[in-house]
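Student: Below you'll find the structure I mean.
The values are calculated or read from the model by the stated rules, or taken from the named source; none is laboratory data. Computed from a prediction, not measured in an experiment: that's the story for all the values here. Positions of Cβ are generated from backbone atoms using ideal geometry, with glycine treated the same way; all protein chains shown enter the neighbour counts.
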Amino acid sequence: MNVNETTYTPKGDKKNSAFFDEYRLKIYDRRKTSGLEQLLGSMRGVVVQVEQGDALPYLCELYLMGPYRFTAGFKSSTHRIYVLTSQPDFPRLFVLEPISPDYTDEITMFNRLYPLSSAKPNARYIGEIFQTQSVTETREILESHNIRFNYHHETKNPFFTESHFLFTFPSDHTWNRIGYCELDIDDHAAQQLGEPFELDSADIDKLNAVDEFATKQKLNPLVMGLDHMATRILSGEREDAILEFLTMTNYYFWGAYNISEMNSSTNVNRSNHVSDDKCSPAKVFTANNTPSFVNSFDQLPMPTEEFVRNFGRRMHHMAYEVKDGNHREGEKNVDYVVNTLKEKGVPFLAHVVGECLDDPNLKQIFSKHSPYSVLITEYVERCHGYEGFFTRSNVAALTEAAGQDERYTHGHVFD
């Protein structure tokens with residue numbers, strides 16, 4: 001991509017405040033003058049934590065639903081760390097699993113605050129890891145910009161404080177972290193992630209069986225890599241969350257669109273340093289247009305804010321791009337992938353939405369929440385060179401389907 005961030009006009013019809021537009025440009029300028037822009041590279045990893053005992057079934061799910069494959073394992077004082085890889089230029093996936101079934105830290109306590117995340121209190125998308133030329137300089141610059149980093153007394157998990165990754169304190173707006181990596185992402189010994197371990201033969205057999213199925217059904221070449229990740233946040237924190245993310249990375253605000261049918265907006269941020277988004281996936285923030293306490297006057301749909309009220313601020317879904325094309329006459333690749341996964345027992349929230357006829361367009365679908373990561377998997381196929389991330393009608397249909405699955409029925413306190 002070759003975007004001049006300071007003169008670029010963001011796409012979309014979502015109106016931003018004068019505050020947002022002023023500080024968006026100030027942040028771009030400060031990243032350059034402070035040297036941060038020159039230090040940072042592309043996204044090199046994403047981090048997900050699951051409950052103790054859920055790592056292997058989650059790895060089997062990842063093998064079935066996407067291109068990630070296990071390459072290395074490490075054990076720290078608190079966690080097992082599973083490293084998965086797809087294409088060399090795409091981000092690695094780090095899956096963290098507490099060793100103890102009684103493990104508790106700040107993630108556990110936060111998840112327990114919300115009715116639909118409390119059943120899996122350690123399961124959470126953690127954040128992304130970006131390449132940097134110097135973690136020391138990165139921290140010095142960002143701390144001068146009032147970004148907080150994790151120190152030893154603030155968390156029990158040594159992955160955040162004792163490895164050679166540098167992680168920010170969880171965001172007040174998204175509860176996601178940003179990590180930075182100076183060393184080669186695949187130099188695990190230098191990263192000091194812990195003591196290496198091997199999977200036992202029974203676990204290897206389980207993963208190999210899933211891999212053989214995916215290979216036989218030709219899922220692997222069709223599901224290419226991570227396209228974007230979408231976090232749901234509260235209505236009043238949309239602009240702050242975006243500006244904070246821009247402060248900590250080298251991404252730019254691509255644009256925002258109102259999804260009026262669902263009373264929400266979709267806000268996309270992209271890397272200006274890669275030609276393929278799968279090398280540094282887009283970060284999306286979704287928020288209600290009106291907060292729940294005001295919406296009670298108008299009674300508009302608000303599945304986005306209801307998700308936050310039921311699960312907390314967190315990552316909602318991770319999207320894979322599906323290779324454009326026809327699997328066979330009249331069947332697009334995404335339809336084939338989804339139908340194959342359905343036959344294997346993977347549940348989806350609705351049918352594939354969108355049409356791919358003769359004009360550029362895209363087809364998308366949401367899976368149900370993973371029982372291990374609490375994340376939804378999205379599949380998106382861009383047809384005939386479609387350049388966007390969504391259409392309004394697609395997003396409206398997907399948001400509505402997810403909202404129906406994410407409801408929480410409150411009791412009547414005074415009954």
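Student: Return the pairs, sorted by first residue and then second, in which the second residue is at pLDDT 95 or above and among the small types (Gly, Ala, Ser), the first residue lies in region 139-151 and is under 16 Å from THR249 (Cβ atoms), the beta carbons are less than 6 Å apart, and the residues are 6+ apart or on different chains.
Tutor: ILE141/SER34
Student: Then there is this: Can you pull out every residue in region 161-197 that is within 19 Å of ALA72 (Cβ to Cβ), crowded, with 20+ Cβ neighbours inside 10 Å and among the hydrophobic types (A, V, I, L, M, F, W, C)?
Tutor: Those that are within 19 Å of ALA72 (Cβ to Cβ), crowded, with 20+ Cβ neighbours inside 10 Å and among the hydrophobic types (A, V, I, L, M, F, W, C): PHE165, CYS181, LEU193.
Student: Look at region 224-262 and say how many of its residues are buried (at least 22 other Cβ atoms within 10 Å of the Cβ) and farther than 30 Å from GLN133 by Cβ.
Tutor: Count: 6.
Student: I want to confirm something. Restricting to region 204-220 and keeping residues that are of a type in the set (Asp, Glu) and surrounded by fewer than 16 Cβ atoms within 10 Å (Cβ to Cβ), which single residue is farthest from TYR379 (Cα to Cα)? Spell out how you get there, then give the answer.
Tutor: Going residue by residue through region 204-220, those that are of a type in the set (Asp, Glu) are 205, 211-212.
Right, trim to surrounded by fewer than 16 Cβ atoms within 10 Å (Cβ to Cβ) and you get 205, 212.
Numbers: ASP205: 27, GLU212: 21 Å.
The qualifying residue farthest from TYR379 (Cα to Cα) is ASP205.
Student: Tell me, yes or no, whether region 69-86 has at least one residue that is touching a strand residue (DSSP E or B) at 6+ places or on another chain (Cβ under 9 Å), of a type in the set (A, V, I, L, M, F, W, C), assigned to a helix (DSSP H, G or I) and in contact (Cβ under 8 Å) with a residue 24 or more places away in the chain. Outline the logic, then answer.
Tutor: Quick first cut of region 69-86, residues touching a strand residue (DSSP E or B) at 6+ places or on another chain (Cβ under 9 Å) only: 69-76, 78-86.
Okay, now just the ones that are also of a type in the set (A, V, I, L, M, F, W, C), so 70, 72, 74, 81, 83-84.
Pick out the ones that are also assigned to a helix (DSSP H, G or I) and you get none.
The answer is no, given that none of the residues of region 69-86 is touching a strand residue (DSSP E or B) at 6+ places or on another chain (Cβ under 9 Å), of a type in the set (A, V, I, L, M, F, W, C), assigned to a helix (DSSP H, G or I) and in contact (Cβ under 8 Å) with a residue 24 or more places away in the chain.
Student: Select, from ILE107, ILE129, the only residue that is within 24 Å of ILE376 (Cα to Cα), in a helix (DSSP H, G or I) and out of contact with any helix residue (DSSP H, G or I) (no Cβ under 6 Å at 6 or more places or on another chain).
Tutor: Values: ILE129 fails: in a helix (DSSP H, G or I).
Of the residues listed, the single one that is within 24 Å of ILE376 (Cα to Cα), in a helix (DSSP H, G or I) and out of contact with any helix residue (DSSP H, G or I) (no Cβ under 6 Å at 6 or more places or on another chain) is ILE107.
Student: If I go through region 291-333 residue by residue, how many of them are among the charged types (D, E, K, R) and farther than 15 Å from SER117 by Cβ?
Tutor: 9
Student: Quickly run through region 80-109 and pick out the residues that are in contact with a Phe, Trp or Tyr (Cβ under 7 Å, 6 or more places away or on another chain), hydrophobic (A, V, I, L, M, F, W, C) and either modelled with pLDDT under 95 or over 27 Å from PHE307 (Cα atoms) (or both).
Tutor: Scanning region 80-109 gives ILE81, VAL83, LEU84.
Student: Would you please list the contacts, defined by Cβ atoms under 8 Å and residues six or more apart or on different chains, that run from a residue in region 20-35 that is touching a residue at least 12 places away in the same chain (Cβ under 8 Å) and over 12 Å from THR247 (Cβ atoms) to a residue that is assigned to a helix (DSSP H, G or I) and not aromatic (Phe, Trp, Tyr)?
Tutor: PHE20/GLU239; PHE20/ILE242; PHE20/LEU243; GLY35/GLU137; GLY35/ILE141
Per-residue answers, yes or no, for (1) farther than 17 Å from PHE197 by Cβ; (2) crowded, with 17+ Cβ neighbours inside 10 Å; (3) of a type in the set (S, T, N, Q):
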position: PHE74; (1), (2), (3): no, yes, no
position: VAL83; (1), (2), (3): no, yes, no
position: GLN87; (1), (2), (3): yes, no, yes
position: SER117; (1), (2), (3): yes, yes, yes
position: ILE129; (1), (2), (3): yes, yes, no
